[in-house]
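Here the structure comes first, spelled out in structure tokens, and everything after it is commentary.
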């Protein structure tokens, strides 16, 4: 008889057999599989939810604070003539993108429209608001800010970009925390698969030993377990996305109501479909890593010294 | 052509047991050799060294002109595919069918499904197991399991077949048939090394006999010497 050689069809056959075997083994112990699947899905869903939340937060902050406006409040006694005179040089200033001067009456009208205190203001004898100059800087605003603060008859200079800088710092911190949490949960997902595969290996120790005796390579031994890990990863990825979507649809009405109460017309972006292959691919890779880790450990443990 | 050569091989296990002590012999391609000894005298260790399940403590085991000590990593698996092994306890996967067990070496070697089916069917027919092909191995008798183990060792047409008490669980008639089959295998060029303490069988076969005691080669009896008594 001729010595066997590994043809492409045989190679595909080996993989098909390993895949079918892995699938049927998962199906044969549904409780254990479902448990591992759920743990991995939750470990994937949480960082995904955090990442999505961060993305929405970034879009929201960009939405509500796209300008870096500097608001200059004049002292109460400063009339519009004086205010116009002080503001005039900034109209054509190279460091200013736009300048707008608002009279106390214009300010009061705006305030009455956008504030719940309109009724309270209406009972006042006189307008308490000062004249206001709103400046949008062009380029670096640091020098402009100093010049505005040094102007005469100015009560207070409010720089809107400051809180945005602080918010951005918080968002940057959030990203770091998210990465750390995601790392921990991803490790948890890998370990969940590794544990499932380890249990599978424990029930097949004799089979593995026999296959090794017959000349099976490490790759041949590893293959069905890798399929198990990959399958678990893929199914966990699908379940994680389902959990995420369910969670989002659950909290969306509350968040939207909260945003509306602040007068925001911000809309959540829909879950982007293009990330699904990336999520599923990542989940499969994590499953493969967990399975590889478990099988490699077993092969190391059972290999005689020096072989 | 020398296929297997033990060159002053010693094996001492970590617990201190000296299984082999300066053992030297060689086996030619197509030769049948019996190894007899008391239990624990080193037969199984000898087979393990040839199969690369163990390494010698000293000396060299040569297979097809290559020192097995130099074989590492994935080449260990490739070497084992050239070696058929019949275990005393069968070492079958009991939940799998007879066909699946016999097919294992061919699947590992990467044969096509058609080739596997043809070769396994032929082997099962030869060993009288055709009707048991789709029985689970746990559901057949011990003697049949032994034959399945032999079929599995032979199906991939190995360069050498190492058998540890291959006819231990078989009735005399079937044992004789199996031995004739192994003789036929030798005629095709496969070397067969059989560890057995069934002296009656060994004498009846009139093949070369190595006698081992306490890990040492005590005697190397040729078929002619055996015939002379």
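Observations on the structure shown:
- Distance between segment B:105-128 and segment B:161-229 - C-alpha centres, whole angstrom: 26 Å
- FRET efficiency, residue A:285 to residue B:139 (Cβ-Cβ, R0 45 Å, nearest 0.05): 0.60
- At full extension, residue B:67 and residue B:122 could sit 16.4 nm farther apart than now, given 0.36 nm per residue minus the alpha carbon distance.
- Footprinting exposure proxy ranking of A:140, A:125, fewest other C-beta atoms within 10 angstrom first, gives A:125, A:140.
- Taking the inverse of the mean reciprocal distance over all distinct Cα pairs, the Kirkwood hydrodynamic radius of segment B:1-127 comes to 16.6 Å.
- Protection proxy ranking of B:1-7, B:13-19, A:233-239, B:170-176 - average other beta-carbon atoms within 10 Å, highest first: A:233-239, B:1-7, B:170-176, B:13-19
- With N as its number of residues, the protein assembly as shown has a Cα radius of gyration that, divided by 2.2 N^0.38 Å, comes to 1.69.
- Rel. contact order, % - alpha carbon contacts under 8 angstrom, at least six apart, segment A:72-178: 41 percent
- Inter-chain Cβ neighbour average for residues B:77-86, partner chain, 10 Å: 4
- Overall, the ratio between the Cα radius of gyration of segment B:86-151 and 2.2 N^0.38 Å, rounded to two decimals, is 1.00.
- Take every DSSP beta bridge whose two residues both sit in the protein assembly as shown; close to 65 percent of them are antiparallel.
- Ranked list, fewest to most other Cβ atoms within 10 Å of each Cβ, for B:111, B:91: B:91, B:111
- Estimated FRET transfer efficiency (residue A:205, residue A:151; beta-carbon r; R0 56 Å; 0.05): 0.10
- Under the Debye formula (equal points on every Cα, no solvent term), log10 I(q)/I(0) of chain A at q = 0.07, 0.15 Å⁻¹: -0.53, -1.16
- Most fluctuating residue given options A:97, A:242, A:192, as computed from a GNM of chain A linking Cα atoms under 10 Å: A:97
- Normalised contact order of chain B, rounded percent, pairs of Cα under 8 Å and 6 or more residues apart: 29 percent
- Ranked for footprinting exposure by Cβ neighbours inside 10 Å, fewest first, A:12, A:201 give A:12, A:201.
- In segment A:6-62, Rg over Rh equals 1.34, where Rg is the alpha-carbon radius of gyration and Rh the Kirkwood radius from pairwise Cα distances.
- The alpha-carbon atoms of chain B, seen along their principal axes, cover 46, 44, 36 angstrom, with the largest extent given first.
- Its Kirkwood hydrodynamic radius, worked out from the mean inverse distance over all distinct Cα pairs, puts segment A:76-152 at 13.9 Å.
- Residue-span extension gain [residue B:227 to residue B:12] - 0.36 nm each, minus C-alpha spacing: 73.9 nm
Every number here is computed from the coordinates shown, using simple stated rules; none is lab data. Keep in mind that this is a model prediction, so the values were computed, not measured. Heads up, the Cβs are rebuilt from the backbone with ideal geometry, glycines too, and the neighbour counts pull from every protein chain shown.
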